[in-house]
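**Student:** I am attaching a structure below and will ask some questions about it afterwards.
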Amino acid sequence: MLTLSARHEKAKESYEERLEDAGNRRRRGGEKAGEIKDEFGLHRGVIARLRGKPKCIKGLDDAAVLLLAHYFRTRLGGDELVSGQELIYKLQIEPEHSITYLAALDDLQRRQWLYLAKMENDVLFENPPLCWLSAQIIPGRTFHEAINGGMSTTAFASNDDYLDAVLGYLDRLTKGDRDTSGFFWDNEANGRPFYDGRWQHIEQRLLQTPTSLPAATLREKFRLSYYQYFCLLGLFGVQENIVDYDFNDPQDAIRLFTHKRSERQQMREHLFGENSPLRKRRLIEADGGEFGQSLRVAPAGIAALTGHRPRGRGNAALLRHLQRSQIFAAELPRLKKDSVVLPSAVQEAMTAILGGESPRGLRQRRAWCRSLPSEWGAPTGTTILLYGPPGTGKTLTAQYLASELRRPLLKVDAASVLSMWVGESEKHVRRIFDSYADLQRDLGAAPVLLLNEADQLLGSRMASADSVDKMHNNMQNLFLEGLERFSGILVATTNRRELLEAAFSRRFTYKLELPPPDQGLRRRLWERHLPASRLASDFDFTALAEMNLTGGEIRLVVEKAVRRAFCRGDNLLRQKDLQELAREELRVRPQAGGYGQGHIGFGR
């Protein structure tokens with residue numbers, strides 16, 4: 001091709017010189033015009049000098065062969081975007097022959113030697129063959145097969161070797177002219193790139209690779225289009241600091257594949273919609289709601305690309321990841337074992353729960369489940385309902401459970417689930433259970449999921465046909481379904497058990513009441529909260545225990561007493577101060593109807 005284009009360029013220059021000299025002689029009455037060959041004769045002469053014409057071009061006419069030769073030479077010189085007008089200029093001598101060359105370009109496209117890159121707002125694009133004049137030309141499938149057919153290809157040594165090649169290709173692709181990036185995706189092939197021979201070369205290397213590579217097979221495994229596949233690869237490349245393009249921004253990811261405003265919503269749905277495999281298979285995830293702010297590769301996506309679960313994601317890293325989310329608030333509780341005072345019945349249940357979640361306990365429970373004649377619909381995980389007045393230690397009990405198991409505590413408040421928009425609350429419920437399941441797989445253990453104010457989420461169903469009531473009932477059904485198949489550890493707390501929907505009772509393995517502490521338990525709570533080294537000599541625990549406070553209220557009284565002692569300057573906790581502050585706490589406690597009427601309590 002190089003030889004052919006160079007010979008033609010030289011022959012054309014010589015012909016144009018002779019044509020000019022002949023014109024001068026004709027004007028002087030000398031040589032006749034008929035003695036000069038036409039440009040098509042020139043083409044035939046140049047091609048006839050080829051020794052052993054390649055089989056791949058034998059079916060092309062002379063004009064098409066020369067257009068192809070000049071295109072190859074131009075691309076080899078580094079000019080990746082070539083217009084049809086530029087190529088025609090390489091061959092054309094007489095203006096009236098333009099239509100012949102346009103027809104030759106059309107024939108090259110039909111044979112998949114060259115493709116016509118679609119220009120935005122190009123009014124000529126739908127008018128062949130004139131569209132070849134202004135539109136850019138890119139190499140076609142036949143072109144790459146012919147060029148690469150004579151090149152040796154080596155197999156990929158590993159999955160990482162393949163990822164390096166693909167991410168390097170993607171990085172170079174995204175560094176091109178952003179206004180023309182839409183040229184490089186073949187819509188008819190569901191986004192298959194035909195930018196240049198680099199992707200075809202990668203595919204040829206794959207054919208030479210005897211082993212299966214996870215990153216190469218996941219497109220078919222998860223039924224991804226090329227658009228979805230390259231979006232996932234781009235996000236992974238950004239994470240690995242290989243690809244310098246903002247795939248994390250959904251708008252930029254969409255803009256890479258299409259610039260047309262009319263197509264952007266369709267592309268958004270294709271990449272990130274409810275039915276996208278990227279989302280349904282949880283290969284990608286997002287901060288700040290429904291794929292509206294920042295995208296990233298999910299652990300499942302990393303596993304699919306690399307062939308193994310991501311390492312180095314301990315509890316601290318996972319909690320940082322969760323804290324960016326709007327689903328859970330997360331913490332790693334570390335409580336002193338002797339600092340938690342629970343009623344004996346609750347403490348006994350906690351001991352059984354901790355034993356059942358131990359490795360040996362889990363094995364025995366699974367063996368027991370397999371021996372049952374059928375699945376009864378009870379949850380396979382550990383589900384606990386804690387109910388009682390405010391301040392009796394419901395949240396503290398959940399923290400104690402997470403601390404003893406050394407697992408994260410994931411907290412969900414009703415306010416973060418309930419939405420004023422119809423349909424949004426149901427989505428939030430699905431995200432709670434789906435995200436928890438993903439995290440459980442990544443940790444290899446079950447975190448403790450805490451549903452605060454559960455009566456707002458699991459309350460009685462509504463009989464009204466109002467849209468808000470329907471949303472509430474749909475949310476109830478989703479919670480029932482989620483608890484039915486729940487395999488982790490869930491703690492739900494409520495001040496008013498009577499408000500819960502009756503159908504939820506069977507879904508909780510344990511239903512534990514945390515009543516206001518009796519005098520003996522109150523004394524133990526005071527002793528746990530008051531360090532002996534800071535007590536005045538006149539201290540009387542019995543007098544304090546006689547005051548009818550909850551654990552949460554005792555904590556508040558001690559907090560205020562510590563501040564008063566600091567201001568006084570001696571840092572001693574005095575009996576008089578504690579009793580005075582305790583009486584004040586009892587005075588401001590809600591009285592109408594008592595704790596059972598759903599008043600906002602103090603403490604936990």
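The values are calculated or read from the model by the stated rules, or taken from the named source; none is laboratory data. On a predicted model such as this, the values are computed, not experimentally measured, just so you know. Cβ atoms come from the backbone with ideal geometry, glycine included; neighbour counts cover every protein chain shown. The protein model used for the area step is the full one, side chains on, heavy atoms only, and it has no ligands, DNA or RNA in it. Shrake-Rupley method; radii C 1.70, N 1.55, O 1.52, S 1.80 Å.
**Student:** What value in Å³ per residue do you get for the convex hull of the alpha-carbon atoms in the range 539-584?
**Tutor:** Numbers: hull volume 2.9 nm³, N = 46.
Expressed per residue, the convex hull around the Cα atoms of the range 539-584 is 64 Å³.
**Student:** Return the long-range amide H neighbours of ILE489 (sequence gap of 5 or more, or a different chain), with a cut-off of under 5 Å between placed amide H atoms.
**Tutor:** Excluding prolines and chain starts, which carry no amide H, the hits are THR382, LEU449.
**Student:** What are the residues whose amide H is under 5 Å from the amide H of LYS511, where those residues sit 5 or more places off or on another chain and H is modelled from the backbone?
**Tutor:** Here LEU385 satisfy the definition.
**Student:** Would you kindly derive the ³J(HN,Hα) couplings of the range 267-272 from the backbone phi angles with the Karplus curve 6.51 cos²θ - 1.76 cosθ + 1.60 (θ = phi - 60°), listing them in order in whole Hz, with x for Gly and Pro?
**Tutor:** Computed from phi, the couplings for the range 267-272 are 5, 4, 5, 5, 7, 10 Hz.
**Student:** Taking amide H positions as placed 1.01 Å from N in the peptide plane, with prolines and chain starts having none, which residues 5 or more places from ILE284, or on another chain, fall under 5 Å of its amide H?
**Tutor:** Amide H to amide H, under 5 Å and 5 or more residues apart or across chains, ILE284 pairs with ALA298.
**Student:** Taking θ as phi - 60°, what are the ³J(HN,Hα) couplings along the range 337-345 by the Karplus curve (6.51, -1.76, 1.60), each to the nearest whole Hz, with x for Gly and Pro?
**Tutor:** 4, 7, 8, 9, 10, 10, x, 4, 5
**Student:** Still on this structure, please answer the following. In µm²/s, what is D for the range 516-568 at 4 °C and 1.567 mPa s, where D = kT/(6 pi eta Rh) by Stokes-Einstein and Rh is the Kirkwood radius from Cα pairs?
**Tutor:** It diffuses with D of about 112 µm²/s by this estimate.
**Student:** Just to verify a number: FRET efficiency for LYS560 and CYS369, C-beta to C-beta distance, R0 = 45 Å, to 0.05?
**Tutor:** Working: r = 50 Å, r/R0 = 1.11.
That gives a FRET efficiency of 0.35.
**Student:** Say the cut-off is 24 Å between C-alpha atoms; which of LYS394/LYS560; LYS427/LYS511; LYS90/LYS175; LYS394/LYS427; LYS337/LYS411 go over it? Provide the component values of the computation, followed by the final result.
**Tutor:** Numbers: LYS394/LYS560 22 Å; LYS427/LYS511 27 Å; LYS90/LYS175 29 Å; LYS394/LYS427 27 Å; LYS337/LYS411 21 Å.
Over 24 Å Cα-Cα: LYS427/LYS511; LYS90/LYS175; LYS394/LYS427.
**Student:** Could you go through the range 247-254 in sequence order and give the Karplus-derived ³J(HN,Hα) for each residue, using 6.51 cos²θ - 1.76 cosθ + 1.60 with θ = phi - 60°, rounded to whole Hz, and x for Gly and Pro?
**Tutor:** Whole-Hz 3J(HN,Hα) from phi for the range 247-254: 5, 5, 8, x, 5, 5, 4, 5.
**Student:** Ignoring ligands, DNA and RNA, how do CYS231, CYS369, CYS567 rank by accessible area with a 1.4 Å probe, largest first? Before the final figure, lay out each step's value.
**Tutor:** Details: CYS231 0, CYS369 70, CYS567 115 Å².
Accessible-area ranking of CYS231, CYS369, CYS567, largest first: CYS567, CYS369, CYS231.
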